[in-house]
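Enquirer: There's a structure below that I have some questions on.
Throughout, read-outs are computed from the coordinates displayed, never taken from laboratory work. Quick caveat, the model's predicted, so the values are computed rather than measured. Backbone-built Cβ (ideal geometry, glycine too); neighbour counts: all protein chains shown.
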Amino acid sequence: MKGAIVYYSKTGSTEMIAKRFAEKTGFTSFKLEDRSSKTQPPMFATIFGFGAPLKEPLPDLKSCDTVVLMTPIWAWHPSAQMNTLLKKADLKDKKLFLVGVGAGDSNEKAMNRFSRSVEKKGGKIIGSVTYKGLQLKQGLKEVEQRLLESGEDLAEKISKLSR
Ligand SMILES: Cc1cc2nc3c(=O)[nH]c(=O)nc-3n(C[C@H](O)[C@H](O)[C@H](O)COP(=O)(O)O)c2cc1C
């Protein structure tokens, strides 16, 4: 299978999981990049399901059959940056594995919202999982080991699906 991981990360924890995953699987890795340099997450757009401006070009996923989509969770929603990808990318008939990264243990509401948006685009969801990212006042270094293990766990999950 030809695979890619597309992720957004504001404070680096999602990125650390994504990078480890890509190292382990050889999936091509694409980071969604903000067009603006605002430091605060775009919460209004996130909560209302709108997008946030991203640098172009967006990832070219034409040749990938399996795509992992990974986003931080903000206020029980996937990020506005991920919404932009979902609005613009052609995901029809692709196998999609959804990953949410949040401070909480369970993010069912956010993951249901994420799944519904992906299904609207005609993508076929093959699985989903959530991992713990940064909590308030935590530094990346403190949780590095756990994030790397999450990347490895994700790689294991995806490779099991293709066996
Ligand atoms: C404004 C804001 C809202 C958040 N809301 C949630 C939430 O609803 N559920 C959750 O589990 N984590 C929430 N978090 C925590 C982030 O999802 C978590 O820190 C995430 O790992 C950040 O990813 P990143 O380091 O890749 O940017 C929130 C963080 C911020 C800044």
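Enquirer: What is the sum of charges around Gly26, taking Lys and Arg as +1, Asp and Glu as -1, for the other residues whose C-beta is under 13 Å from the C-beta of Gly26?
Expert: +3
Enquirer: I'd like the distance between the alpha-carbon centres of segment 53-78 and segment 99-142, rounded to an integer number of Å.
Expert: 12
Enquirer: Taking the Cβ-Cβ separation of Asp65 and Lys31 as r and a Förster radius of 30 Å, what is the calculated FRET efficiency to the nearest 0.05?
Expert: With a Förster radius of 30 Å, E is 0.90.
Enquirer: Output the pairs from Lys31/Lys121; Lys38/Lys160; Lys38/Lys124 with a Cα-Cα distance over 31 Å in this structure; if there are none, say none.
Expert: Lys38/Lys160; Lys38/Lys124
Enquirer: Report the one residue of Thr39, Ser63, Thr84 whose Cα lies farthest in the direction of the positive end of the charge dipole of segment 3-161 (charges on C-beta: Lys and Arg +1, Asp and Glu -1; origin at the Cα centre).
Expert: Thr84
Enquirer: Right, here's the next one. With every atom except the alpha carbons ignored, what do you get for Rg and Dmax of the chain, in angstroms?
Expert: Looking at the chain, its Cα Rg and Dmax stand at 14.4, 43 Å.
Enquirer: Using per-residue counts of other Cβ atoms within 10 Å, averaged over each peptide, order 6-13, 122-129 from highest down.
Expert: The densest-packed peptide leads the list: 6-13, 122-129.
Enquirer: Given contacts defined as C-alpha pairs under 8 Å and at least six residues apart, what's the relative contact order of the chain, whole-number percent?
Expert: Relative CO of the chain lands at 26 percent.
Enquirer: Could you list Met43, Met82 so that the one with the fewest beta carbons within 10 Å of its beta carbon is first and the one with the most is last?
Expert: Lowest count first: Met43, Met82.
Enquirer: Here's another thing I want to ask about it. Using a Gaussian network model on the chain with a 10 Å cutoff between Cα atoms, which of Lys120, Lys94, Lys137 fluctuates the most?
Expert: Lys137
Enquirer: If you wrap a convex hull around the C-alpha atoms of segment 93-163 and split its volume per residue, what is the figure in Å³?
Expert: Hull volume over Cα atoms, normalised by residue count, gives 88 Å³.
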